[in-house]
Amino acid sequence: MQADILFPINAEAFTYIIPEELEAKIKIGVRVLAPFKRGKKVGIVQSVELRSQNTDNAGFSLRKEITLKPIEAVLDNEPLIYENLLKLIKWAGQYYISTSGLALKNAVPSGIFEGKKSGRSRITYDEEVKPAKIFALTDEQKKALSVINDARSGAFLLHGVTGSGKTEVYIRAIEALGDKEAIVLVPEIALTAQMIDRFRSRFGEKAAFFHSGLSPGERLSQWWKIRNGEVKVALGVRSAVFAPFKSPGLIVIDEEHEASYKQFEGLRYSARDVALARAKLEGIKIILGSATPSMETFYHAKKGKLAYLELKQRIERKPMPRVEILDMTTEEKKTLSYSDKLLSVLKENISLGRQSLIMLNRRGYSPFLICTDCGYTYKCPACSITLTYHKDTKTLNCHYCGSYLKPQDVCPQCKGVKVKYIGAGTQRAEEELIAAIPELSLKRMDRDTTRRKLSHYRIVKDMEDKKIDVLLGTQMVAKGHDFPNVTVAAVVLADVALNLPDFRSPERTFQLFTQLAGRAGRGDFPGDVYIQTYEPHHYVFDYVRDHDYTGFYQKELDLRRELSYPPFSKLIRIIFNFKNKENAAKVMRVVSARLKKITAAQDSRSRIQDPRSAGEAGVEILGPAPAPVEKIRNLWRWHLILKGKNSKALRRTAAEILETIKDIKGMKADVDVDPINLL
Ligand code: ADP
Ligand code: ZN
């Protein structure tokens, strides 16, 4: 007998012989120890078969006629990875044109393959959790909940304005599951601090948490708790979608539109889409929640693929905040970042003892330094990106590769001394605000201030305890928080988000500003939102001002239809990486020539099959062209975008392209299925 063993490495399964004495112990999903290259590795049994020795897809079989090696030991009595989860892992490897092994690596903590026992389960949150407030549901919440509870399977879009009580619906739906378990996905740590408290207060020890602040030991112990059936709910970011529950009954994706559900390296998966696949595979329910659903999700809900549930009212019928767009080309201002108007609003709000949120979606002090004599700007030596000045560390940092350098006193090019800081990031906005309102108590929240474990959690706590007047930061301040005392929310420079060369940037901008606006006026006093921009007539603002999601959706949908972008098509992006710029251009000419052959073949094929369906199965190939960010980490980047309505045809074409360029040397190709970043 033989078994296919999957290892947590970028490869498909490898075939081994099962020695007779191990035959009874081998089951799908158990861990085994097997010889691998010159050493040994722990892997998972993916399948067991009666096969003769010389089958072809033997793992080591690039060299033919190799004799298969035997498995050395079986490490578990019972399957460690349940079959459905194993299927999901395989699906993810295939769907993302990656490998099952890489999917396994993302799905299961590495400690599992090191034969480690679970680590200390000490997860330190400073304070005792407050007892849960139990309230009567609103009519809208009741209605949504009863639809969810009555169903055994299926996908739901819970579209609820900010502050409408979506989380309460999730929690009640989990409580109604009986003995089944639930997975709740939240986007990155920004959301989890308060969420964790809410789930701790409701589920106590029966909740497990996955977030980026966990040590490998803690991660492992959370994983085991779930695997051993000790918890009711797993709350976490991305990889929690692979939580090893035996019989989950529900998956929740909070803020389903969030870009951070997509992983940008390695297995480029979307946790939301993997969750949808898992729900289907397990035959269970899934709730996608958002105040600003992604275009794709809303479109599919309209088409009936998801059941549509709406919460139109904020809790206690609190009014939506008033939104004012400030035209920075005409507003009076004495500082770089703030109009006089916004400053006086902030001053007044502080004097009333209320809190404010300020967002500038750019960290650091200044996005570039320029020599006013010769125009020299500092660029990252490894990336085609200007460096951002960070005042606290006095360094110029690259936000792509993380490298930094010390600026010199004189311009490196002309030796001039008139070097200027252009534009503002959060550090400068902080400095300017403190200078304008010295009595202010302010905390900054961006990636630089939240690097240390629990630092994010502490800032949120200080805000909750009203120790802070103003919380200023990047998009981290806009997301998920429920601070009842916040009555003013402001955007310093809306234009940062608006003008990225990406067809999704209006959508993201609308979502981000709506989220930020949603933080204001959740308590006893109504909220006011101020958005400063140099482009006040951009159509996005019309819809942000009126909290008009459907209006925005319609407008945007028409634009997408015209260009047949998602949701009217699906995309696959192939990124080609080169060490050398000239070589890149040369090799890409070869790639282009081979692509022409593929497209020609495809055209004739689809015409032969059915002339009318050519559009349906057709795959449009855009590029190759240099990527908008031409160089990252010393690699020159070109890309290609495949666009088509038929997902299978699209993936087939991508696979075909990869196959035809396999022999080209000096180039690394990465595939991104359903990309959400085209830079
Ligand atoms: P959303 O996630 O939709 O923005 P939340 O779930 O954060 O909204 O709810 C907003 C606030 O209202 C929270 O403080 C929550 O505890 C509270 N809340 C939720 N449901 C109710 C209810 N039925 N009655 C009173 N307060 C509620
Ligand atoms: Zn760089």
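At the listed q of 0.09, 0.19, 0.23 Å⁻¹, the Debye profile of the stretch 2-114, built from one uniform point per Cα, gives log10 I(q)/I(0) equal to -0.21, -0.98, -1.40. For the stretch 139-316, DSSP calls about 5 percent of its internal beta bridges antiparallel. Diffusion coefficient (Stokes-Einstein, Kirkwood radius over C-alpha pairs, 20 °C, 1.002 mPa s) for the stretch 467-520: 178 µm²/s, rounded to a whole number. With everything on Cα atoms, drop me the angle between helix 581-609 and the longest principal axis of the chain, reported from 0 to 90° to the nearest 10. Its long axis makes an angle of about 70 degrees. Quick one: pull the percent of accessible area on the chain belonging to carbon and sulfur, 1.4 Å probe, ligands and nucleic acids left out. C and S atoms contribute 51 percent here. Counting only Cβ charges, +1 for Lys and Arg and -1 for Asp and Glu, the dipole size of the chain around its Cα centre is about 1740 debye.
State, as an integer percentage, the relative contact order of the chain based on alpha-carbon contacts under 8 Å between residues 6 or more apart.
Values: 1326 pairs, mean separation 77.9, N = 679.
Dividing the mean separation by the residue count of the chain yields 11 percent.
Per residue, the accessible area of the stretch 472-576 comes to 32 Å², computed with a 1.4 Å probe over protein heavy atoms only. Each residue of the stretch 139-316 gets 114 Å³ once the volume of the Cα convex hull is shared out per residue. When the stretch 2-114 is described by a simple charge dipole with +1 on each Lys and Arg Cβ and -1 on each Asp and Glu Cβ, the residue from L88, L75, A103 located farthest towards its positive end is A103. Ignoring solvent entirely, what values of log10 I(q)/I(0) come out of the Debye formula for the chain at 0.08, 0.10 Å⁻¹ when each Cα is a single scatterer? For the chain, the Cα-only Debye profile gives -0.70, -1.10.
Summarising the label geometry, the points placed 7 Å from Cα in the beta-carbon direction at L454 and D663 lie 6.0 nm from one another. When the stretch 139-316 is described by a simple charge dipole with +1 on each Lys and Arg Cβ and -1 on each Asp and Glu Cβ, the residue from A182, F210, Y170 located farthest towards its positive end is A182. Sites listed here are GluC sites (Glu not before Pro) in the stretch 237-281 whose DSSP assignment is loop and whose Cβ has at most 15 other Cβ atoms within 10 Å: E265.
In nm, what is the difference between 0.36 nm times the number of residues separating A151 and D502 and their Cα-Cα distance? Mind showing how you got there, number by number?
On the way: separation 351, 0.36 × 351 = 126.36 nm, distance 3.82 nm.
Between A151 and D502, full extension yields 122.5 nm more.
Applying a threshold of 19 Å to the alpha-carbon distances of K394/K453; K41/K246; K581/K665; K90/K246; K586/K668 flags K394/K453; K41/K246 as lying beyond it. At a probe radius of 1.4 angstrom, the accessible area of the stretch 127-227 per residue rounds to 42 square angstrom.
Within a Cβ distance under 14 Å of K415, other residues only, what is the Lys/Arg minus Asp/Glu net charge?
-1
With viscosity set to 1.002 mPa s at 20 °C, what whole-number translational diffusion coefficient in µm²/s follows for the stretch 253-408 from Stokes-Einstein and a Kirkwood radius over Cα pairs?
102 µm²/s
Segment E348..S47, full-extension length gain: 101.6 nm, with 0.36 nm per residue of separation and the alpha-carbon distance subtracted.
Mean silhouette area of the stretch 535-590, derived from the convex hull of its C-alpha atoms and averaged over all directions, reads 7.0 nm².
Antiparallel versus total DSSP beta bridges in the chain: what percent is that, nearest 5?
On the way: 53 of 105 bridges.
If I count the DSSP bridges inside the chain, around 50 percent turn out antiparallel.
Using the Cβ-Cβ distance between A176 and I9 with R0 set to 51 Å, the FRET efficiency works out to roughly 0.80.
Let's test the formula: R0 of 45 Å, r as the Cβ-Cβ distance of L281 and K420. What FRET efficiency results, to the nearest 0.05? Don't skip to the answer; put the middle values down first.
On the way: r = 57 Å, r/R0 = 1.26.
My answer for the efficiency is 0.20.
Note on the stretch 139-316: with charges restricted to the Cβ of Lys and Arg (+1) and Asp and Glu (-1), its dipole about the Cα centre is near 400 debye.
Between E535 and K69, take the C-beta separation as r, use R0 = 51 Å, and let me know the FRET efficiency to the nearest 0.05. FRET efficiency, E535 to K69: 0.20. Taking the inverse of the mean reciprocal distance over all distinct Cα pairs, the Kirkwood hydrodynamic radius of the stretch 318-465 comes to 17.6 Å. For the stretch 381-534, the residue among P412, F483, I422 whose Cα projects farthest onto the positive side of the dipole built from Cβ charges is P412.
Using the C-alpha gyration tensor of the stretch 394-493, what are the square roots of 5 times its eigenvalues, in whole angstrom, with the largest one first?
Numbers: eigenvalues 198, 57, 26 Å².
Each semi-axis is the square root of five times an eigenvalue, giving 31, 17, 11 Å.
About the Cα centre of the stretch 282-408, what is the dipole size in debye to 20, counting +1 per Lys and Arg Cβ and -1 per Asp and Glu Cβ, all else neutral?
340 debye
In this model, which of K318/K461; K130/K466; K180/K262; K130/K479; K305/K570; K280/K643 are farther than 19 Å apart at the alpha-carbon? Can you show the working numbers first?
Details: K318/K461 24 Å; K130/K466 17 Å; K180/K262 27 Å; K130/K479 22 Å; K305/K570 16 Å; K280/K643 25 Å.
Cα-Cα > 19 Å for K318/K461; K180/K262; K130/K479; K280/K643; rest within.
The values are calculated or read from the model by the stated rules, or taken from the named source; none is laboratory data. The structure displayed is predicted, hence computed values, not measured ones. Please note: Cβ atoms are built from the backbone with ideal geometry, for glycine as well, and neighbour counts cover all protein chains shown. Accessible surface is based on the protein model in full, side chains and every heavy atom, while ligands, DNA and RNA are left aside. Shrake-Rupley method; radii C 1.70, N 1.55, O 1.52, S 1.80 Å.
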